[in-house]
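Everything below concerns the one structure shown next.
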Amino acid sequence: MEKLTGLKKLKTAVFISGTGSNFRNLIKFSKIKKTPISINLVISNVLKARGLKYADQFNIKKKIFNFSNIKDTEKKILNLLKKEKINLICLAGFMKILSKNFIKKFNGKIINIHPSLLPKYKGLNTHFKAIKNKDRFAGCTVHYVTENIDSGKIIMQKKIKVAAQDNAISLAKKILKQEHKLYPAAIMRIFN
Ligand code: GAR
């Protein structure tokens with residue numbers, strides 16, 4: 001992705017499906033002095049996603065799409081992104097798979113955070129798999145989104161030790177804490 005010049009901030013849309021702690025964290029990051037992004041839009045596939053409350057709290061435009069017809073929905077989203085002049089998409093706990101066509105239209109401008117040390121454990125239940133396999137290390141990854149799920153170029157990773165007493169829930173909590181550091185750091189790495 002090209003480097004930012006001058007004072008212009010990258011207009012960013014965050015896609016969420018749930019709690020939105022990464023969304024909240026990215027909002028915080030968008031308010032620090034040296035940030036390269038502004039958050040202009042949040043999109044969710046879940047009407048009652050808890051994270052949507054941060055859109056109200058911070059006065060960020062929000063749109064909910066039910067994805068019952070993916071082709072139709074993506075067309076609407078693309079129009080909206082164009083209208084809002086969005087040039088970066090951050091997936092943050094977004095649990096829908098975007099189509100090849102959508103990704104192509106935004107090529108190189110969609111990034112995702114994933115709760116594992118990719119390429120290990122693509123997809124769901126990553127913490128559970130790490131515990132089940134008695135992994136000594138786990139972590140999170142920020143990567144570019146390509147048509148193959150969780151397989152795009154890695155931007156940054158954070159590795160943590162799994163404690164003997166960890167279960168999937170405690171591990172998820174530990175990793176989420178690291179995600180909140182990693183996502184802003186990865187954005188800084190791309191744009192500064
Ligand atoms: C995060 O752990 C994120 O890495 C994960 O969902 C959680 C969302 O938390 N994403 C995925 O599993 C994507 N495949 P949040 O809603 O509190 O940001």
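The values are calculated or read from the model by the stated rules, or taken from the named source; none is laboratory data. Model, not experiment: these values are computed from the prediction. Quick note on the areas: whole protein, heavy atoms, side chains included, nothing else; ligands and nucleic acids left out. Shrake-Rupley method; radii C 1.70, N 1.55, O 1.52, S 1.80 Å.
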What is the angle, in °, between the Cα long axis of helix 168-191 and the longest principal axis of the Cα atoms in the chain? Nearest 10 is fine, range 0 to 90.
40
Computed, not fitted: 222 nm per-residue ellipticity of the chain from DSSP H runs ≥ 4 (each -39500 (n - 2.57)), nearest 500, equal to -10000 deg cm²/dmol
Mind listing P(r) for the range 136-177? All alpha-carbon pairs, 10 Å bins, whole percents.
27, 41, 28, 4
Taking the Cα centroid of the range 44-102 and of the range 135-192, what is the distance between the two, rounded to the nearest whole Å?
22
Can you work out D for the range 1-84 in µm² s⁻¹ from Stokes-Einstein, where Rh is the Kirkwood radius over C-alpha pairs, the temperature is 10 °C and the viscosity is 1.306 mPa s?
116
Percent antiparallel among DSSP beta bridges confined to the chain, nearest 5, equals 40
After finding the eigenvalues of the alpha carbon gyration tensor for the chain, what semi-axes result from the square roots of 5 times each, listed largest first in whole Å?
26, 19, 17
What does the accessible area per residue of the chain come to in Å², with a 1.4 Å probe and no ligands, DNA or RNA counted?
57
Counting only protein heavy atoms, what percent of the accessible surface of the chain is carbon or sulfur at a 1.4 Å probe?
54
Relative to the longest principal axis of the chain, what angle (0 to 90°, nearest 10) does the C-alpha long axis of helix 70-83 take?
60
